[in-house]
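Asker: One structure follows; several queries about it will come next.
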Amino acid sequence: MTLFAARMKDVKPSATFKYDAAAKKPGVINLTIGRPGFDTPGVIKEAAKRALDEGKVHYTASKGIPELREAIAAKLERENNIKGIDAEKIVVSGGGKQILYCILTALAGNGDVVAIPNPSWVSYEAQIRLAGAEVAWLKLNPEDGFIPGDEFLTALEYSKAKLLILNSPANPTGAVIPERIIKEIMNICEDRGIYVISDEVYEKLIYEGRHYSPASEYENVITVNAFSKTYSMTGWRLGYCACTDRAVIEKIEIVHQQSLSCCTSFAQYGALASFTKEAEDAMVRMREELRTRRDYVMKRLSELDVICKKPGGAFYVFPYFRDVDDYELADRLLRRGVAVIPGSAFGTQGRGCIRISYGGADIRELSQAFDRITGD
Ligand code: PMP
Ligand code: GLU
């Protein structure tokens, strides 16, 4: 008899956190973890402090304080053109990660198949396996800038998936999927009765192209978002999902309620202030700085023999070094004082790639990092 639950069998620790921990050594430039290194906008911090001073220290409504859910519903209509969402059709949970966990626990189980892009963010596979379900990997290629093509669409069409996780802009590639292609994917999902989880946590960090939310035109969608990346609030742990189908939301809420009860009270009041002009202006300034970094990183990558189409969003690049063992490459770079994540951690299509996160390193650090990468 083993002490551990069967569901733990194929679940690995998070590679992003593992490599981030390994990078925390003096002199190492850390390009591992996906986070913006900026401070949270002052208006958000002030609102959270005020909430503490006002004694807002108790449990809140499980799904989140009503004001925050109302503000999210209004945002989804105004910015994402998603209609039919009100405060009752939203659950606020402990970050994008926790809300995804609640969704997958509520919707996927033994015998179910969940389709995800290959490569994709490390926690999709782990959470699907924790739910007891199977993964169907849909291939993306470096030559196409990791934008879904025919191979992806055919694999989706012939998969036995009941759920698909879509992610644009994408982790680990930074790819922004054009609206036309999202619609092709959605049409297949509609035909095949596949429900879609649209992970839009990087929606505002786009440098080329436009964000498109499939829930603006399709019903079979749960939209996922978080405050983490947009307002540099990764430590606050607040994310949410929205769906026009109340029955779906009710099931997700049960998992959230029975595991977390509610999110941190004063953090929610802080997040409410993210819907202000001050916070939006701070986000735009951050995005401009990230764009400068992305352009710099692309320029330095052009000195190397890699395939790397310019990614339109997020704060990642995912260069392909062809026949290289990416685990060995990451180790070699760490010995040179640059920490990155091996591409294979994100799926087999990440073989020969490394993920560079430029969210937490300024131009000076990036310049030093590339001097070390390109140096003999
Ligand atoms: N989705 C994607 C694609 C991510 O990269 C991340 C990583 N931060 C998350 C969801 C979860 O974000 P958080 O839990 O920090 O809100
Ligand atoms: N999503 C970020 C990353 O990919 C943060 C760490 C995590 O949640 O995995 O690095």
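The values are calculated or read from the model by the stated rules, or taken from the named source; none is laboratory data. From a predicted model like this one, the values you see are computed outputs, not experimental measurements. Positions of Cβ are generated from backbone atoms using ideal geometry, with glycine treated the same way; all protein chains shown enter the neighbour counts.
Asker: Would you confirm whether or not region 66-81 contains a residue that is surrounded by 17 or more Cβ atoms within 10 Å (Cβ to Cβ) and in a loop (DSSP other than H, G, I, E, B)?
Answerer: Checked against the condition, which is being surrounded by 17 or more Cβ atoms within 10 Å (Cβ to Cβ) and in a loop (DSSP other than H, G, I, E, B), region 66-81 yields no hits at all.
Asker: I'm checking my understanding of the structure. Among residues of region 1-45 that are surrounded by fewer than 14 Cβ atoms within 10 Å (Cβ to Cβ) and within 18 Å of ALA226 (Cβ to Cβ), which one is farthest from ligand 2 (Cβ to nearest atom)?
Answerer: ASP39
Asker: Another one. Here are some conditions: (1) surrounded by fewer than 23 Cβ atoms within 10 Å (Cβ to Cβ); (2) away from ligand 1 (no atom under 15 Å from the Cβ). ARG237 meets all but one. Which one does it not meet?
Answerer: (2)
Asker: Do you know which of the residues in region 16-39 that are within 12 Å of ligand 1 (Cβ to nearest atom) and of a type in the set (A, V, I, L, M, F, W, C) is farthest from ASN171 (Cα to Cα)?
Answerer: Step one: of region 16-39, the residues within 12 Å of ligand 1 (Cβ to nearest atom) are 16-17, 20, 33-36.
If we keep only those that are of a type in the set (A, V, I, L, M, F, W, C) as well, we get 17, 33.
Working: PHE17: 15, ILE33: 11 Å.
My answer is PHE17.
Asker: If I ask for residues that are without any contact (Cβ under 8 Å) to a residue 60 or more places away in the chain and either among the aromatic types (Phe, Trp, Tyr) or within 23 Å of PRO169 (Cβ to Cβ) (or both), which ones from region 320-342 would you list?
Answerer: Listed by number, the residues that qualify are PHE321, ASP326, TYR327.
Asker: List the strands (runs of 3 or more DSSP E) that sit entirely inside region 83-159 and contain at least 1 residues that are closer than 20 Å to ILE188 by Cβ and at pLDDT 95 or above. Quick ask: steps written out before the conclusion?
Answerer: Values: elements: 90-93, 113-118, 134-139.
It comes to 113-118, 134-139.
Asker: Please find, within region 204-224, the residue that is surrounded by the fewest Cβ atoms within 10 Å (Cβ to Cβ) out of those that are away from ligand 2 (no atom under 13 Å from the Cβ) and under 23 Å from ARG293 (Cβ atoms).
Answerer: ARG210
Asker: Please go through region 296-331 and pick out each residue that is more than 21 Å from the chain's Cα centre (by Cα) and part of a helix (DSSP H, G or I).
Answerer: TYR296, MET298, LYS299, ARG300, LEU301, ASP326, TYR327, GLU328, LEU329, ALA330, ASP331
Asker: Take the residues of region 339-355 that are among the small types (Gly, Ala, Ser) and in a helix (DSSP H, G or I): which is surrounded by the most Cβ atoms within 10 Å (Cβ to Cβ)?
Answerer: GLY343
Asker: Find the residue count for region 160-205, including only residues that are more than 15 Å from LEU100 (Cα to Cα), acidic (Asp, Glu), touching a strand residue (DSSP E or B) at 6+ places or on another chain (Cβ under 8 Å) and not in a loop (DSSP other than H, G, I, E, B).
Answerer: Looking only at that region, the number is 0.
Asker: Filter region 225-254 down to the residues that are away from ligand 2 (no atom under 16 Å from the Cβ) and farther than 29 Å from ASP191 by Cβ and list them by number.
Answerer: Those that are away from ligand 2 (no atom under 16 Å from the Cβ) and farther than 29 Å from ASP191 by Cβ: GLU253, ILE254.
Asker: Can you find a residue in region 89-104 that is more than 16 Å from ligand 2 (Cβ to nearest atom), of a type in the set (D, E, K, R) and under 30 Å from TYR327 (Cβ atoms)?
Answerer: no
Asker: While we're looking at this one, here's another question. Applying the selection to region 96-124, what residues are farther than 21 Å from GLN257 by Cα, surrounded by 21 or more Cβ atoms within 10 Å (Cβ to Cβ), more than 11 Å from ligand 1 (Cβ to nearest atom) and small (Gly, Ala, Ser)?
Answerer: Residue satisfying the conditions is ALA115 alone.
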